[in-house]
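J.: Dumping the structure here so I can ask a few things about it.
The values are calculated or read from the model by the stated rules, or taken from the named source; none is laboratory data. Just so we're clear, the structure is a prediction, and the values are computed from it rather than from any experiment. Cβ atoms come from the backbone with ideal geometry, glycine included; neighbour counts cover every protein chain shown.
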Amino acid sequence: MVQQVTVGAENENVVLNSGDLSLTLLPHLGGKIASIRLGETELLQTPLLPYATRTRNMAFDEADASGWDECLPSVAACTVQLADDSSAQIPDHGDLWRVEWQPEGPSEGTLRAECFSLPLELVRSLAVSETESGWELRLNYAVTNTGREAVPWAWAAHPLFAAEAGDRIVLPSSISSLRLEGSGGNRLGKGGDTVSWPIATLAAGGETNLSLAQSIESAIGDKLFAGPLGANEDWAVLERPSAGLRIRVSFDTAATPYLGLWICCGGWPDRPGAKQACVALEPCTAPVDSLAVTGPWSQMLAAGESFSWPMTVEIQSREV
């Protein structure tokens with residue numbers, strides 16, 4: 001079915017429809033993909049707090065902490081040194097979820113945003129379509145250095161897919177271990193440790209199946225990375241038995257060779273109030289959250305240079 005587009009009052013939201021699938025963008029709130037709804041089923045984490053204007057230095061958990069944002073030029077807040085001996089302060093989850101995005105070209109699904117901590121501009125195009133097996137979201141990204149000096153950068157998609165106990169994460173069978181970025185209460189160990197997948201050893205003893213989402217009462221919050229990944233490891237799946245769906249994320253491992261996994265079953269935010277119950281499948285350019293942590297994955301973008309990459313999300317019946 002052909003994609004249909006509806007623009008809300010004062011361009012505050014854009015709705016893309018294809019059959020029973022409806023996707024809502026909020027350009028004025030960081031270009032957020034606020035909702036991916038299939039019939040009555042919402043596929044993204046719903047807001048923990050009401051939508052509100054963001055500031056340049058607020059923490060991610062001070063906002064709604066929901067939906068799908070883009071993290072550029074870092075996920076973690078950090079300070080990075082630049083080529084001209086100056087430094088840049090990167091805020092929590094980067095710049096772009098805090099700024100208003102602008103339309104780019106004739107397509108309502110294409111938006112542009114400018115970072116403020118580094119001279120970077122991101123253009124994201126998004127289209128939805130109905131397929132024989134379900135629905136497909138096709139995204140294309142391009143980042144450009146608009147400054148006069150080379151700058152470091154890292155990107156991660158941040159799609160918080162709603163999850164409940166019994167939902168299952170499926171990775172290519174060749175992936176048997178992950179790098180631990182962090183784990184609530186250090187239940188899996190310390191940042192930088194290697195963790196077995198899918199059956200991991202708990203720091204306190206015993207084992208856990210990381211591929212199965214737990215109840216929100218379990219208070220689990222784990223961030224892990226896979227990669228660098230090969231050409232045949234370019235996908236990850238979240239199976240949702242109660243909804244009869246499987247969500248398959250695929251990406252180009254030559255451009256985005258890592259996959260972040262945020263598995264949150266009531267373990268975050270640390271503040272009082274509502275907690276996330278989600279699994280984020282995050283294609284990314286680095287196996288760390290902080291741009292200040294360098295390694296073979298580190299990337300520089302020369303003045304005027306651009307870099308582009310794709311990402312696809314397929315929503316299918318579990319029988320497919």
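J.: Go through (1) in a loop (DSSP other than H, G, I, E, B); (2) closer than 26 Å to Ala303 by Cα; (3) free of Cβ contacts under 8 Å to residues at least 60 places away in the same chain; (4) of a type in the set (Lys, Arg) one by one and return the number of the condition Arg56 breaks.
T.: In the conditions (1) in a loop (DSSP other than H, G, I, E, B); (2) closer than 26 Å to Ala303 by Cα; (3) free of Cβ contacts under 8 Å to residues at least 60 places away in the same chain; (4) of a type in the set (Lys, Arg), Arg56 misses (3) alone.
J.: Of the residues Leu120, Leu126, Leu96, which is aliphatic (A, V, I, L, M) and in contact with a Phe, Trp or Tyr (Cβ under 9 Å, 6 or more places away or on another chain)?
T.: Of the residues listed, the single one that is aliphatic (A, V, I, L, M) and in contact with a Phe, Trp or Tyr (Cβ under 9 Å, 6 or more places away or on another chain) is Leu120.
J.: Hey, which of the strands (runs of 3 or more DSSP E) in the range 222-320, taking only ones fully inside, have at least 1 residues that are in contact (Cβ under 8 Å) with a residue 24 or more places away in the chain and among the β-branched types (Val, Ile, Thr)?
T.: Ranges flagged: 235-240, 245-251, 258-265, 277-284, 306-317.
J.: When you check Ile175 against the structure, is it under 28 Å from Cys265 (Cβ atoms), of a type outside the set (Gly, Ala, Ser) and not in a strand (DSSP E or B), yes or no?
T.: yes
J.: Another question, then. Just checking, which of Pro272, Pro241 is out of contact with any Ser or Thr (no Cβ under 7 Å at 6 or more places or on another chain) and at pLDDT below 95?
T.: Numbers: Pro241 fails: at pLDDT below 95.
That would be Pro272, the only listed residue that is out of contact with any Ser or Thr (no Cβ under 7 Å at 6 or more places or on another chain) and at pLDDT below 95.
J.: Quick one: which of Val75, Val80 is under 29 Å from Gly266 (Cα atoms) and in contact with a strand residue (DSSP E or B) (Cβ under 8 Å, 6 or more places away or on another chain)?
T.: Val75
J.: Can I ask one more? Restricting to the range 230-246, name every residue that is within 19 Å of the chain's Cα centre (by Cα) and either β-branched (Val, Ile, Thr) or more than 19 Å from Gln45 (Cβ to Cβ) (or both).
T.: Glu233, Asp234, Trp235, Val237
So that you can scan it fast, the table gives a plain yes or no per residue for (1) in contact (Cβ under 8 Å) with a residue 12 or more places away in the chain; (2) of a type in the set (S, T, N, Q):
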site: Gly94; (1), (2): yes, no
site: Trp97; (1), (2): yes, no
site: Pro106; (1), (2): no, no
site: Leu120; (1), (2): yes, no
site: Glu130; (1), (2): yes, no
site: Asn140; (1), (2): yes, yes
site: Ala150; (1), (2): yes, no
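J.: Further, regarding this structure: Residues to consider are Ser183, Ser211; find the one that is in contact with a Phe, Trp or Tyr (Cβ under 9 Å, 6 or more places away or on another chain) and among the small types (Gly, Ala, Ser).
T.: Answer to the selection: Ser211.
J.: Specify which of the listed residues (Asp289, Asp270, Asp252) is among the acidic types (Asp, Glu) and buried (at least 18 other Cβ atoms within 10 Å of the Cβ). Quick ask: steps written out before the conclusion?
T.: Values: Asp270 fails: buried (at least 18 other Cβ atoms within 10 Å of the Cβ); Asp252 fails: buried (at least 18 other Cβ atoms within 10 Å of the Cβ).
Of Asp289, Asp270, Asp252, the one residue that is among the acidic types (Asp, Glu) and buried (at least 18 other Cβ atoms within 10 Å of the Cβ) is Asp289.
J.: Hey, another quick one. Taking the range 202-221 as the region of interest, how many residues are assigned to a loop (DSSP other than H, G, I, E, B) and either touching a Cys at 6+ places or on another chain (Cβ under 8 Å) or surrounded by fewer than 21 Cβ atoms within 10 Å (Cβ to Cβ) (or both)? I'd like the intermediate steps shown before the answer.
T.: We begin by selecting, within the range 202-221, every residue assigned to a loop (DSSP other than H, G, I, E, B); these are 202-206, 210-211, 213-215, 219.
Remaining after also requiring either touching a Cys at 6+ places or on another chain (Cβ under 8 Å) or surrounded by fewer than 21 Cβ atoms within 10 Å (Cβ to Cβ) (or both): 202-206, 211, 213-215, 219.
Adding up the residues that qualify gives 10.
J.: Filtering the range 144-192 down to residues that are among the β-branched types (Val, Ile, Thr) and closer than 24 Å to Ser74 by Cα, which residue is surrounded by the fewest Cβ atoms within 10 Å (Cβ to Cβ)?
T.: Out of the qualifying residues, it is Thr146.
J.: Can you pull out the residues in the range 21-59 that are modelled with pLDDT of 95 or more, closer than 18 Å to Glu130 by Cα, surrounded by fewer than 20 Cβ atoms within 10 Å (Cβ to Cβ) and not small (Gly, Ala, Ser)?
T.: Once the filter is applied, which keeps residues that are modelled with pLDDT of 95 or more, closer than 18 Å to Glu130 by Cα, surrounded by fewer than 20 Cβ atoms within 10 Å (Cβ to Cβ) and not small (Gly, Ala, Ser), the range 21-59 yields Thr24, Arg37, Leu38, Thr41, Glu42.
J.: Please indicate, with yes or no, whether at least one residue in the range 59-68 is in contact (Cβ under 8 Å) with a residue 12 or more places away in the chain, farther than 21 Å from Trp262 by Cβ and either out of contact with any helix residue (DSSP H, G or I) (no Cβ under 6 Å at 6 or more places or on another chain) or not acidic (Asp, Glu) (or both).
T.: The answer is no; no qualifying residue exists.
J.: Let me ask another. Quick one: which of Gly304, Gly227 is more than 30 Å from Gly19 (Cβ to Cβ), over 18 Å from the mean Cα position of the chain (by Cα) and at pLDDT 95 or above? First the steps, then the outcome.
T.: Working: Gly227 fails: over 18 Å from the mean Cα position of the chain (by Cα).
Unique residue meeting the criteria: Gly304.
J.: With the requirement that a residue be surrounded by fewer than 18 Cβ atoms within 10 Å (Cβ to Cβ) and touching a helix residue (DSSP H, G or I) at 6+ places or on another chain (Cβ under 9 Å), what does the range 82-112 give you?
T.: Pro103
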